[in-house]
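The values are calculated or read from the model by the stated rules, or taken from the named source; none is laboratory data. This one's a predicted model, so the numbers in the text were calculated from it and none came from an experiment. Here the Cβ is made from the backbone with ideal geometry for all residues, glycine too, and neighbour counts use every protein chain on show. Only protein heavy atoms, including side chains, enter the accessible area calculation; ligands, DNA and RNA are left aside. Shrake-Rupley method; radii C 1.70, N 1.55, O 1.52, S 1.80 Å.
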Amino acid sequence: MRLSREQRAFLILLLRKENWKAYLSERHLSVSILADEINDAFMEEIGDTILEMEADIPVIIEDYREDIENLLGIQQ
């Protein structure tokens with residue numbers, strides 16, 4: 001899977017429910033652009049999007065949590 005360092009770090013922060021807002025702010029990254037890029041990458045990999053935006057807050061679609069962790073090689 002082709003994710004940038006920033007995309008991967010952002011996704012891991014979301015999975016671990018850590019402070020993703022500070023990470024994006026420090027790097028001057030847009031949450032909506034990053035979420036779109038991640039969704040595009042996962043659309044190619046698994047055929048679906050993995051993030052939904054709820055009031056400008058990215059939410060992982062829980063049905064894909066385990067798939068995401070496996071593809072990133074991480075464990076909760």
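See the values below:
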{"read-out": "In the range 38-76, the residues that are within 17 Å of ARG16 (Cα to Cα) and of a type in the set (Gly, Ala, Ser)", "value": "GLY73"}
{"read-out": "Residues within the range 37-57 that are of a type in the set (A, V, I, L, M) and part of a helix (DSSP H, G or I), tallied", "value": "4"}
{"read-out": "The one condition in (1) charged (D, E, K, R); (2) in contact with a Lys or Arg (Cβ under 9 Å, 6 or more places away or on another chain); (3) part of a loop (DSSP other than H, G, I, E, B) that GLU18 fails to fulfil", "value": "(2)"}
{"read-out": "Residue match in the range 67-76 (condition: without any contact (Cβ under 8 Å) to a residue 24 or more places away in the chain, open to solvent by 50 Å² or more (accessible area, probe 1.4 Å), assigned to a helix (DSSP H, G or I) and farther than 19 Å from ARG5 by Cβ)", "value": "yes"}
{"read-out": "Hits in the range 17-66 - residues which are of a type in the set (A, V, I, L, M), open to solvent by 80 Å² or more (accessible area, probe 1.4 Å) and closer than 12 Å to GLN7 by Cα", "value": "ILE33"}
{"read-out": "Where a residue in the range 18-41 is farther than 19 Å from ARG65 by Cβ and its partner, wherever it lies, is among the acidic types (Asp, Glu) and part of a helix (DSSP H, G or I), with Cβ under 8 Å and at least six apart", "value": "ARG27/GLU6; LEU29/GLU6"}
{"read-out": "Condition broken by ARG8, with the remaining ones in (1) open to solvent by 60 Å² or more (accessible area, probe 1.4 Å); (2) without any contact (Cβ under 8 Å) to a residue 40 or more places away in the chain satisfied", "value": "(2)"}
